[in-house]
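Asker: Below is a structure I'd like to ask you about.
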């Protein structure tokens, strides 16, 4: 392998391990990695969670397929496609299972500040993108409120900012993003959404890192075609939890996460449960 890398010459940097190419040995979850020219990362993430909305109970299993590519050190392009499986019970009746695509989301992160080229300690990026209405809506989720469907049914441009700080063995991450909603589906559209995340990570040993994280979401009420907002929809919720980030060798990372709701301020009779995630990310 070393001989091949030497023969490849100029492209050997793109083929080197992620830690060598970025200059930082810390493990990172998908979306927080340090960019370098040619970095290509693939992730598969599974999540289980539950919802109760009035007399509707939902158990959801979701798989997100993600791909991120950095054509140049200052730009990272990514796409994420959700696959959503649900079991829905209305009024205590029999459960009905469904499986559908969610909304495909594409993002671009432009790193507007980094304190140095190799192994930067500070990374500040602007984020722009769009969520496309690829997910199924009322056709497969009849009986669910508009703001709880697998797909929004509308185009959703997004803008945000991210910040990362690396000082091995400690790292800090923060992000905030806002989603607009363009158009309506069946006379309604989900409300605009503001989402944020903060996390502190400690690299215990080269193959293991622990993160303490908090995620928050604030949603406007569902908007009707006449411009009025639907009562009993929208609101805010915040989760806190921990992540275990484990190196499986090479550039493969396994992440196990648990999140527990610590603030439930959703409108109407709407309660979300704790959630669990398991993700596998690899640099290709």
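Asker: Taking segment 67-114, which residues are more than 30 Å from residue 166 (Cα to Cα), touching a strand residue (DSSP E or B) at 6+ places or on another chain (Cβ under 6 Å) and exposed (fewer than 15 other Cβ atoms within 10 Å of the Cβ)?
Answerer: Of everything in segment 67-114, those that are more than 30 Å from residue 166 (Cα to Cα), touching a strand residue (DSSP E or B) at 6+ places or on another chain (Cβ under 6 Å) and exposed (fewer than 15 other Cβ atoms within 10 Å of the Cβ) turn out to be 87, 95, 96, 97, 99.
Asker: To continue, here is another question. Just the residues that are over 21 Å from the mean Cα position of the chain (by Cα) and not in a strand (DSSP E or B), please, taken from segment 246-278.
Answerer: If the condition is that a residue be over 21 Å from the mean Cα position of the chain (by Cα) and not in a strand (DSSP E or B), then 250, 267, 268, 269 are the ones that fit.
Asker: Keeping to segment 186-209, report how many residues are in a strand (DSSP E or B) and farther than 30 Å from residue 156 by Cα.
Answerer: Here the count works out to 7.
Asker: Kindly establish whether residue 159 is closer than 22 Å to residue 107 by Cα, surrounded by fewer than 16 Cβ atoms within 10 Å (Cβ to Cβ) and either modelled with pLDDT of 90 or more or in contact with a strand residue (DSSP E or B) (Cβ under 6 Å, 6 or more places away or on another chain) (or both).
Answerer: Yes; evaluated as a whole, the condition is true for this residue.
Asker: Inside segment 13-37, can you point out the residues that are modelled with pLDDT of 85 or more and within 17 Å of residue 170 (Cβ to Cβ)?
Answerer: 26, 27, 28, 29, 32, 33, 34
Asker: A follow-up question, please. Quickly run through segment 23-66 and pick out the residues that are more than 29 Å from residue 204 (Cβ to Cβ) and surrounded by fewer than 16 Cβ atoms within 10 Å (Cβ to Cβ).
Answerer: 37, 50, 52, 54, 55, 61, 65
Asker: Is at least one residue of segment 193-206 over 29 Å from residue 118 (Cβ atoms), free of Cβ contacts under 8 Å to residues at least 60 places away in the same chain and loosely packed, with under 14 Cβ neighbours inside 10 Å?
Answerer: Among the residues of segment 193-206, not one is over 29 Å from residue 118 (Cβ atoms), free of Cβ contacts under 8 Å to residues at least 60 places away in the same chain and loosely packed, with under 14 Cβ neighbours inside 10 Å, which makes the answer no.
The values are calculated or read from the model by the stated rules, or taken from the named source; none is laboratory data. None of the values given here were measured: they were computed from a predicted structure. A quick note on method: Cβ atoms are made from the backbone with ideal geometry, for glycine too, and the neighbour counts reach across all protein chains shown.
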